[in-house]
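Written out below as structure tokens is the structure these notes cover.
The values are calculated or read from the model by the stated rules, or taken from the named source; none is laboratory data. Here the structure is a predicted model, which means the values were calculated and not measured. Cβ coordinates were reconstructed from backbone atoms using ideal geometry, including for glycine residues, and neighbour counts include every protein chain displayed. These accessible areas exclude ligands, DNA and RNA; they are computed on the full protein's heavy atoms, side chains included. Shrake-Rupley method; radii C 1.70, N 1.55, O 1.52, S 1.80 Å.
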Amino acid sequence: MLNVLFSAKPAAWAEYEAPLKDAFAKAGLAAHLSLDHAPADVDYIIFAPNGPVKDFRPYTKTKAVMGLWAGVETVVDNETLTQPLCRLVDESLTNGMVEWVTGHTLRHHLGMDTHILGQDGVWRDDSFPPVAANRPVTILGIGALGAACGQALHRLGFPVTGWSRSPKDIANIRCLHGDAGLRAALTDAQVVILLLPQTPETTNILNAETLALMAKGSFVINPGRGPLIDDAALLQALDSGQIAHATLDVFRTEPLPQDDPYWAHPKVTVTPHIASTTRPETAAEVIVENIGRGEAGKPFRFLVDRGRGY
Ligand code: NAP
């Protein structure tokens with residue numbers, strides 16, 4: 001019998017208990033899932049950073065920590081964590097992100113606000129949007145989420161460039177990497193989507209210099225993490241017209257403080273970190289499958305590389 005500790009915010013237990021128990025039963029794994037195992041008895045921890053476990057040292061026989069979140073920046077530096085850490089890659093989370101990114105890209109591409117918000121009884125038939133083929137989109141970060149968004153945007157006809165740390169060869173996406181690749185990826189991009197993890201290397205990756213590489217009047221969409229953007233530089237680029245609009249889902253401080261200039265800025269759309277979320281039914285299956293791999297002596301999937309920070 002495996003002892004599996006569930007450590008997340010209290011409300012998550014009600015959502016996850018049944019799907020996890022079902023997934024263990026379906027996988028044929030005997031597991032005692034609980035909120036309060038004695039640390040020394042725990043085989044696996046199902047973990048969210050906003051749960052009670054902060055010190056992993058007492059979990060001496062724990063074989064792995066299975067994250068419930070895609071982003072790991074709040075746990076990756078925890079020095080007490082010596083057990084393998086797996087982040088969550090979940091089909092529903094990915095699909096949700098694809099829908100959010102595609103919707104906001106199309107909003108800007110089609111200029112939807114003009115007609116949705118500006119209806120004043122005047123017939124203006126002189127403002128056709130370009131077709132997608134003439135609107136280059138760049139995605140910074142083409143991992144699980146960025147690559148899926150890239151494929152969806154490609155299917156709509158957008159020329160898609162993706163940027164990563166290591167070289168990649170992904171069908172339908174012009175793949176660039178490293179420092180030189182960043183410059184080429186941003187040059188003349190009309191929509192830039194941020195799906196990088198938050199690490200020391202990615203902090204302020206969009207700054208005065210990199211924003212200036214983008215096409216005049218282009219769009220920024222950030223469902224990644226707040227610190228990826230130098231906020232002062234973005235506000236300046238919006239005010240100068242270099243950037244036409246920014247749709248921001250994530251911020252340095254969340255909830256975004258009442259007096260933050262982003263709230264009132266006419267060229268900024270704030271969404272409250274809702275781009276996509278983990279769905280218990282699918283996440284439970286992924287986590288239990290990964291625990292099953294560990295029990296079968298196979299390598300875990302979605303292992304976090306603590307040296308890289310993601
Ligand atoms: P992932 O699979 O780990 O992909 C990360 C991508 O970023 C990879 O392509 C990686 O390059 C690239 N990257 C990392 N550091 C880099 C660097 N220094 N230079 C260039 N490229 C770099 O992560 P994911 O599952 O797609 O998730 C991405 C992020 O989305 C998460 O970290 C989280 O912050 C955010 N997120 C937000 C929400 C929301 O609701 N707003 C929900 C889920 C996730 P390599 O491929 O070479 O490793």
What percent do you get for the relative contact order of the range 93-270 when only Cα pairs under 8 Å and 6+ apart count?
16
In Å, what Rg and Dmax follow from the Cα atoms of the range 193-300?
17.9, 58
Using a ≥ b ≥ c from the Cα gyration tensor of the range 1-95 (square roots of the eigenvalues), is it rounded, prolate or oblate, where a/c under 1.5 gives rounded and otherwise the larger of a/b and b/c decides, a/b for prolate?
oblate
Hey, what angle do you get for helix 231-240 against the long axis of the chain, alpha-carbon based, 0 to 90 degrees rounded to 10?
20
If the only charges are +1 at each Lys and Arg Cβ and -1 at each Asp and Glu Cβ, what is the size of the charge dipole of the chain around the Cα centre, to the nearest 20 debye?
740
Net charge contributed by nearby residues that have their C-beta within less than 12 Å of H245 (K/R +1, D/E -1):
+1
Near I287, within a Cβ-to-Cβ distance under 14 Å, what is the net charge of the other residues, with Lys and Arg +1 and Asp and Glu -1?
-3
Where trypsin sites (Lys or Arg not before Pro) fall in DSSP loop in the range 85-180, at most 12 other Cβ within 10 Å:
R124
Prolate/oblate/rounded label for the range 93-270 (Cα gyration tensor, a/c 1.5)
oblate
As an exercise, use a Förster radius of 45 Å and the Cβ-Cβ distance of R301 and W123 to find the FRET efficiency, rounded to the nearest 0.05.
0.20
Cα-Cα longer than 22 Å, checked against K168/K298; K54/K298; K216/K267; K21/K54, kept in input order, equals K168/K298; K54/K298; K21/K54
For an R0 of 35 angstrom, estimate the FRET efficiency from the Cβ-Cβ distance between A184 and D113 and round to the nearest 0.05.
0.70
Roughly speaking, what is the centre-to-centre gap between the range 1-40 and the range 138-212 when only Cα atoms are used, to the nearest Å?
37
Among DSSP beta bridges whose residues both lie in the chain, state the antiparallel percentage, nearest 5.
5
Fully extended contour minus Cα-Cα distance, from L2 to K54, at 0.36 nm per residue:
16.6 nm
Fully extended, how many nm does the chain gain between S34 and E209 (0.36 nm per residue separation, minus their Cα-Cα distance)?
58.0 nm
Overall Cα dimensions of the range 32-146 - principal axes, largest extent first, Å
71, 27, 24
Using 0.36 nm per residue of separation minus the Cα-Cα distance, give me the extension gain between S92 and K26 in nm, one decimal.
21.8 nm
Order of exposure, largest accessible area first, which applies to H177, H265 with probe 1.4 Å:
H177, H265
0 to 90° range, to nearest 10: angle between helix 10-27 axis and the chain longest Cα axis
70
Residues listed by number, the range 245-283, amide nitrogen under 17 Å from E15 label point at 7 Å toward C-beta
255, 272-283
So the carbon and sulfur contribution to the accessible area of the chain, 1.4 Å probe, in percent, is 55
Among P299, N207, H154, whose Cα projects farthest towards the positive end of the dipole of the chain, with charges put on the beta-carbon of Lys, Arg (+1) and Asp, Glu (-1)?
P299
How would you classify the chain from its alpha-carbon gyration tensor, with a ≥ b ≥ c the square roots of the eigenvalues: rounded for a/c under 1.5, else prolate if a/b is greater than b/c, otherwise oblate?
prolate
